[in-house]
Every structure is written in structure tokens, then in C-alpha cells.
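Engineer: Sending over a structure as C-alpha cells; questions will come in a sec.
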Amino acid sequence: MKRLGIIISGRGSNMVALAEAVANGTVPGTEVAVVISNIPTAGGLELARERGIPTFVHDHRGVSREEHDRQMAEELQRRGVDLVCLAGYMRLLSPWFISEFENRILNIHPSLLPAFTGLDAQRQAFEYGVGYTGCTVHLVDRQLDHGPIVRQSVVPVLADDDVERLAARILAAEHRLYPEAVNLILSGRYRIEGRRVLAT
Ligand code: GAR
């Protein structure tokens, strides 16, 4: 069995999408070993507990970034995690953590990277006036929203959209995309050439 560790900060809908994909066999041979949140009140924690997934809270306040990340890493390693999935984790990881799990951390971001990095990507895209946006799953490197792209999904911006409607359609696309990307990485059937992740 491959073991996923999912790190969240909020409502956890991508975490639930991954957990459901694991439970219904869309991501076969896998279990969710732990859900970690840096926010004690994150709604996703309860959703994980309801599914019988072990949860762990590590509040980042009052400790350095690296110390916080070392504590998360200890938890992930203790549970034998093969792949770390950031699912709405709204903090930067330390260089130490990224080296410790090199090429074993995925992030999902609600835009077609490299456009609209950082916070509120759906609003950034809407206000910029693009005709198409979407979501990206990428390997995490030391720069924000930057590592090699594993999968992307395109979402058109409709004439009668507002930010909320657009964000809801992007979120639905995220929920389909993340399990696909996890499957590819866990299968090991890919190689990285520069910034390109190529299926083999
Ligand atoms: C998702 O839209 C995810 O792509 C985004 O936060 C949301 C979390 O929702 N992540 C980022 O913006 C990271 N830069 P969720 O908690 O319901 O999965």
C-alpha cells in the first residue's frame, strides 16, 4: 500500500476528493495515512475524522517555519508517508522540508500556472479578464507555485460568471484533477526532464 499524507489549512474539499478517490478505487493500492492541519479550527479536520483518517494539528504560531515543518515531517515519516499532498495548505514550506521530501510533494493551485500565483488566484484571473483559467497540480520546489507541472485542467470563463461561480467550477475541476495526478506520481511511470513531467 502507498501512503498519502495530506496537509490542509481550511475546509478540506480537495482532501475529501482524494480520500474518496482512495476509498472508491480511483486511486488504487493507496491509503490516506494522515491529515495534518496548521490551523486548529480547519473544517477539513472534522471531515477527515468522519472518514476515520488520523488527524494531527500543528499550529504554526509561535514556532519558526523550519521547526514547524520538522514537526510535520516527523509525523509524516512516523506514518510511513510516500507522497505529501498539499490541499489548500496556505503557507510556504521551508527549504529543509522540501529537500527532505524532494519530488514527493504535490500542490494544487487554482489557476493555469505560471499565471496567477499566490492568493486568490480565481479572482486574479477573473479581474484580469482571461477567457480561460483552470487548475494545476505541480511538484513543489523552493519557489511559490513553481515546480514541474504534473497535470492541468482548463476552465473557461463564461460571460455571466462572477468570481464565486468561476471558483466553484475550478474547484470541481480540482477535485477531478488531483486524484489523476496522484495516480501518475504513485505509479512511478513518469520522468522529469527539466520542468516537464513526462508519462513513460
Ligand atoms: C483550493 O482551491 C486550492 O487550489 C487552493 O485553496 C483551495 C483550498 O480548498 N490552494 C491555493 O490557493 C494554494 N496556493 P479546499 O480546502 O476546499 O481543498
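None of the figures in this text is laboratory data; all of them are computed from the coordinates on show. Just so it is clear, the structure is predicted and the values come from calculations on it, not from any experiment. Backbone-built Cβ (ideal geometry, glycine too); neighbour counts: all protein chains shown.
Engineer: What's the longest uninterrupted piece of the chain once you rule out the trypsin sites (Lys or Arg not before Pro) that are loop residues per DSSP with at most 11 other Cβ within 10 Å?
Structural biologist: Longest stretch, sites excluded: 62-188.
Engineer: At each listed q (0.09 Å⁻¹), what is the log10 of I(q)/I(0) that the Debye formula gives for the chain modelled as equal alpha-carbon point scatterers?
Structural biologist: Log-scaled intensity ratios, in q order: -0.32.
Engineer: State the extension gain, in nm to one decimal, for the chain segment bounded by ALA199 and ARG142, taking 0.36 nm per residue of separation less the distance between their alpha-carbons.
Structural biologist: Extending this stretch completely gives an extra 18.2 nm.
Engineer: Something else now. Grab the DSSP H runs of the chain that are 4 residues or longer, score each as -39,500 (n - 2.57), total them, divide by all residues and round the 222 nm result to the nearest 500 deg cm²/dmol.
Structural biologist: -11000 deg cm²/dmol
Engineer: Next up: Once both labels are modelled 7 Å past Cα along the beta-carbon direction, what's the ARG191-GLU31 spacing in nm?
Structural biologist: About 3.4 nm, to one decimal.
Engineer: I would also like to ask the following. I want the local charge near SER9. Using Cβ-Cβ distances under 13 Å, sum +1 for each Lys or Arg and -1 for each Asp or Glu among the other residues.
Structural biologist: +2
Engineer: On to the next question. So if I place +1 on the C-beta of Lys and Arg and -1 on the C-beta of Asp and Glu, and nothing else carries charge, what would the dipole magnitude of the chain be about its Cα centre? I want it in debye, nearest 20.
Structural biologist: It comes to approximately 480 debye.
Engineer: Based only on other Cβ atoms within 10 Å, what is the fewest-to-most ordering of ILE7, ILE98?
Structural biologist: Going from sparsest to densest Cβ surroundings: ILE98, ILE7.
Engineer: State the answer as a single residue: which of TYR128, ALA167, LEU144 lies farthest towards the positive end of the charge dipole of segment 116-189, with beta carbon charges of +1 for Lys and Arg and -1 for Asp and Glu, about the Cα centre.
Structural biologist: So the residue furthest toward the plus end is LEU144.
Engineer: I need ASP59, ASP145, ASP69 ordered by Cβ neighbour count within 10 Å, fewest first.
Structural biologist: So the residues, fewest neighbours to most, are ASP59, ASP145, ASP69.
Engineer: While we're looking at this one, here's another question. Pull out a ≥ b ≥ c, the square roots of the eigenvalues of the alpha-carbon gyration tensor of segment 43-159, then state rounded if a/c is under 1.5, prolate if not and a/b is larger than b/c, and oblate in the remaining case.
Structural biologist: It comes out prolate by the Cα gyration axes.
Engineer: Something else now. Obtain the nm distance between the two label points defined at ASP82 and VAL163 by a simple spin-label model: each point lies 7 Å from its Cα along the Cα-to-C-beta direction.
Structural biologist: With each label placed 7 Å out from Cα toward Cβ, I get 3.9 nm.
Engineer: If you don't mind, there's one more thing I want to ask. FRET efficiency for ARG3 and GLN71, Cβ-Cβ distance as r, R0 = 22 Å, nearest 0.05?
Structural biologist: 0.75
Engineer: Now for a different question. Starting from 0.36 nm per residue, how many nanometres of slack lie between ALA172 and LEU119 once their C-alpha separation is accounted for?
Structural biologist: Stretched fully, the ALA172-LEU119 segment lengthens by 17.2 nm.
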